[in-house]
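Laboratory data are not the source of any read-out in this text; all were calculated from the coordinates shown. Bear in mind the structure is a predicted one, so any value in this text is a computation, not a measurement. Reconstructed Cβ throughout: ideal geometry from the backbone, glycine too, with neighbour counts over all protein chains shown.
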Amino acid sequence: MDKRMILYRGSLKSCNYHCTYCPFSKHPMSERELDRDRLQWCSFVKSLQKRAKALHIGALLVVPYGEAMIHHWYWEGMAQLSASAEIDAVGIQTNLSFSVSEFLDSYEKAGGVPEKLRLWATFHPEMTTVSEFAAKCRELWNQGILLCAGSVGVPENLPLLQALKQELNGIYLWVNKMDGLRRSYTQKEREAFGGIDPYFMRELMPVPANAAMCRDRLFVEADGRLHTCNISSPLKKKWDTLEDFPIPECSRKQCSCYLAYGGRGDFMNQVLFGPYPLFRIPRSPKAVFLDIEGTLLPAEDSGGEPRNADVAPDVMAGLEILAGQKVCLLFATTLPYREAMERCRKIRHLFAGGIFAGGAHLVLEQKRESFYELEDTWLADLAALKKECGYRILTYRNCGKLYKVTLLRPAHRPWLRQEAEMVMSRVSHGKKVRYYIEKNCLQIVSADACKARGAEVLCRWLGISTKDAAAVGDSREDEEMMELCNFSK
Ligand code: SF4
């Protein structure tokens, strides 16, 4: 299981900025209220340190109302958490008004690990200038602190955000859709904001709620109340009594903001933003291997027939973003090439080839192609068992040379592992083959052919390391490949 992520919101409701549209800029907090926030945060930090391992929590993002980074207790608590072996990353949303040197000194003195720090910096054009804000982002970045910067997509602020993008010098600048716009963005505005933030199209896409995608996340409030995400209703359980993550509940129709949709378990979130996508810091693999059935496309239906479904809109948007960034997209499938291309005809133009037939056929379009071949001679053994075992033999060849065999049974007779082993023990003696089961298909390929090996070869052809590649899939056939291509994991 991948590690889980928590969002925490304290009882803080005040800010040192005074943006006209924001309620927290007008809410001064008394010493007593601030003290309460401090005590709640410190108690949460202690309990997270104790329970991160048991609850399998790897990351925390603090999402305060108002500004928390002007209060030293947040600096210290984040430092303490980052020192914990269980915690991979600790982040906070901030207006970046704090002193970078004071913060980093204090963070390190409190035992903080800079490599685990993540900042989500929001630009407030009423309160700071493009140059001041960008300089602070660069200062942090140059000190090795990972961060994203961003702002709301107010159409009037377009020139400012374009200037900010320039000055950020490669640091990712996100743009949130403007909730109070009361109209749709014009095509020109979409394009302009998309030019600033290539992920902006994801902001504009409706994401229908699906609580099943939210198993590994929790939103914790200062008093211990829990929600599945920042916009879902409270759950019955409280943080202090939690023994495991509760079954996610959600009464929302849509996951309407980044903190909601960006933290779902959809694989594209991880491809674009790494294992803890809520930090919103994009990663840039040089290549991405993507399984087809059950990953790019919905899995086959119960009768074993491929569903006649399209790629989901969020997947399509993610693929277009990656292709726009010149990331090499590659299929990694057990399907033969032709079938894969037919199933993926709407997206194949974005792909540069891939691993087909479970690794027996590798393609880098227009450049290279190779096959792991099988000997023909043992087909006679398979034919002899046809009646006894109730299968048909399908063969896949290139220029007459065999590279894959499928032993196909009726859909209601899926292969059992013992049956497959029995067949293989009777025919494969001395032959270098391996098999895998896909419901009613027993697939046989060369022992040298697998997705991991295919990924290795394709990376070599591309002149990149497998460490610079990412891979996604949902079956045992994908595991080794995903282990090998674990970019930024
Ligand atoms: S609204 Fe929140 S809890 Fe509900 S499905 Fe979306 S992200 Fe998950």
Extended-chain gain in nm, criterion 0.36 nm per residue less alpha-carbon gap, K238 and R368: 41.1 nm
Can you tell me the dipole magnitude for the chain around its Cα centre, using point charges on the Cβ only (Lys, Arg +1; Asp, Glu -1), in Debye to the nearest 20? 780 debye
With 10 angstrom as the radius, rank K3, K451 by how many other C-beta atoms surround their C-beta, starting from the fewest. K3, K451
Distant alpha-carbon pairs in the stretch 197-310 (separation over 22 angstrom), percent: 45 percent
Taking only DSSP H segments of four or more residues, each worth -39500 (n - 2.57), what value at 222 nm results for the chain once the sum is divided by all its residues, to the nearest 500 deg cm²/dmol? -9500 deg cm²/dmol
State the answer as a single residue: which of C15, Q366, L140 lies farthest towards the positive end of the charge dipole of the chain, with beta carbon charges of +1 for Lys and Arg and -1 for Asp and Glu, about the Cα centre. Q366
What whole number of Å gives the distance from the Cα centroid of the stretch 157-224 to the Cα centroid of the stretch 237-272? 18 Å
Nearest 10 degrees, 0 to 90: helix 72-82 Cα axis against the chain principal axis: 20 degrees
Based on the Cβ-Cβ distance from R183 to E115, what FRET efficiency comes out when R0 is 35 Å, to the nearest 0.05? 0.20
Provide, for q = 0.08, 0.10 Å⁻¹, the log10 of I(q)/I(0) from a solvent-free Debye sum over equal Cα point scatterers in the chain. -0.58, -0.84
Cleavage-rule hits (GluC sites (Glu not before Pro)) in the stretch 343-375: DSSP loop, at most 15 neighbouring Cβ within 10 angstrom: E365, E375
Using the alpha-carbon centroid of each, what span in Å lies between the stretch 113-151 and the stretch 22-56? 23 Å
Square roots of 5 times each gyration tensor eigenvalue, C-alpha, the stretch 379-446, largest first, Å: 18, 14, 12
Which ordering of T334, T295 is given by a fewest-first count of other beta-carbon atoms within 10 Å? T295, T334
At 7 Å along Cα-to-Cβ for each site, give me the label-to-label distance between E139 and Q166 in nm. 2.3 nm
Would you mind checking which residues have amide H under 5 Å from V62's amide H? H placed 1.01 Å from N; only 5 or more apart, or other chain. Y8, G91, I92, Q93
Exceeding 28 Å between C-alpha atoms, which entries from my cross-link table qualify? They are K13/K237; K253/K326; K136/K188; K188/K467; K109/K467; K177/K238. K253/K326; K136/K188; K188/K467; K109/K467; K177/K238
About the Cα centre, charge dipole magnitude for the stretch 202-326 (Lys/Arg +1, Asp/Glu -1 at Cβ), debye: 520 debye
With a sphere of radius 9 Å drawn around the Cβ of F200, what net charge do the other residues whose Cβ falls strictly inside it have (Lys, Arg +1; Asp, Glu -1)? +1
By count of other Cβ within 10 Å, fewest leading, how are Y185, Y21, Y261 ordered? Y21, Y185, Y261
